[in-house]
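Data first, discussion second: the structure below is written as structure tokens.
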Amino acid sequence: MHMLKAMALTLALAGAAFGSPAAAQSSPARVSAADPEGMASAMRYAGYPVELGTDNVGDPMILTEFGGYKGGVYFYGCDPKTHTRCQSVQLSVGFDRQQPMDASAVNALSSRYRFAGIHLDDEGDPFVQFDIVTLDGIPAPVFLKALDHFSWTVGEIGDAVFAGE
């Protein structure tokens, strides 16, 4: 579903580039960590559930789902006083296992999925993360493609993480 909406957004944005006012209002043409609401809007348009809020230090964050698992989009490089003008985001999903996961299994997953950073927390639960630098903005279709790829990867890793539990 996400992939189809990402393709529809690409077509809408192409229409916006040629002067279609209706297409221009569908979703932002570019997304940036400096504009959390614009990023949330693009995610909503693509069908992701979105809850825009702030983290424990006051920086923006978006709670969502990737691959059927609860996760978040965390904002980094923000002004430390105003929590604005963020430079990048990190997509993140943690898996809460009943038993700690073996580090060698995490290493095997890391070598299989090149775009996903995978690590264990202090309880042995794996976390999957992916960083996107946006600076002043990247094309919305590129951002949505990254979300869809991360979502697919999280689904695949989730299957492996919970196999045998």
(message) Being open to solvent by 30 Å² or more (accessible area, probe 1.4 Å) and within 13 Å of the chain's Cα centre (by Cα) is true for just one of TYR69, TYR45. Which residue is that?
(response) TYR69
(request) Name, by its number, the condition in (1) without any contact (Cβ under 8 Å) to a residue 40 or more places away in the chain; (2) over 13 Å from GLN90 (Cα atoms); (3) buried (at least 19 other Cβ atoms within 10 Å of the Cβ) that does not hold for ASP159. (result) (3)
(request) Evaluate the following for LEU120: is it among the hydrophobic types (A, V, I, L, M, F, W, C), under 14 Å from ILE157 (Cα atoms) and without any contact (Cβ under 8 Å) to a residue 40 or more places away in the chain? (result) yes
(message) Taking the condition of being farther than 30 Å from ALA34 by Cβ and charged (D, E, K, R), how many residues in the range 72-125 meet it?
(response) 7
(message) Considering only residues that are in a strand (DSSP E or B) and open to solvent by 50 Å² or more (accessible area, probe 1.4 Å), which ones fall in the range 72-108?
(response) TYR74, TYR76
(request) Kindly list, by first and then second residue, each pair from a residue in the range 64-81 that is farther than 11 Å from PRO49 by Cβ to a residue that is open to solvent by less than 60 Å² (accessible area, probe 1.4 Å) and part of a loop (DSSP other than H, G, I, E, B), limited to pairs with Cβ atoms under 6 Å and residues at least 6 apart or on different chains. (result) PHE75/ALA33; PHE75/ASP59; PHE75/CYS86; GLY77/CYS86; CYS78/ASP59; CYS78/CYS86
(message) If I filter the range 86-120 down to residues being over 26 Å from PRO49 (Cβ atoms) and of a type in the set (D, E, K, R), which single residue comes out as modelled with the lowest pLDDT?
(response) ARG114
(request) Considering only the range 51-66, state which residues are outside any strand (DSSP E or B) and either of a type in the set (Asp, Glu) or open to solvent by less than 40 Å² (accessible area, probe 1.4 Å) (or both). (result) ASP55, GLY58, ASP59
(request) Check whether at least one residue in the range 35-57 is closer than 14 Å to PHE127 by Cβ and modelled with pLDDT of 95 or more, and report yes or no. (result) no
(message) Could you tell me how many of the residues in the range 121-144 are under 26 Å from PRO49 (Cα atoms), open to solvent by 20 Å² or more (accessible area, probe 1.4 Å) and either of a type outside the set (Val, Ile, Thr) or part of a strand (DSSP E or B) (or both)?
(response) 11
(message) I'm trying to understand the selection: among the residues of the range 109-119, which are in contact with a helix residue (DSSP H, G or I) (Cβ under 6 Å, 6 or more places away or on another chain) and either open to solvent by 40 Å² or more (accessible area, probe 1.4 Å) or of a type in the set (Phe, Trp, Tyr) (or both)?
(response) TYR113
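The values are calculated or read from the model by the stated rules, or taken from the named source; none is laboratory data. If you're wondering where the values come from, they're calculated on a predicted model, not measured in any experiment. Using ideal geometry, Cβ is built from the backbone for each residue, glycine included, and neighbour counts are taken over all protein chains shown. Heavy atoms of the whole protein, side chains included, go into the accessibility calculation; ligands, DNA and RNA do not. Shrake-Rupley method; radii C 1.70, N 1.55, O 1.52, S 1.80 Å.
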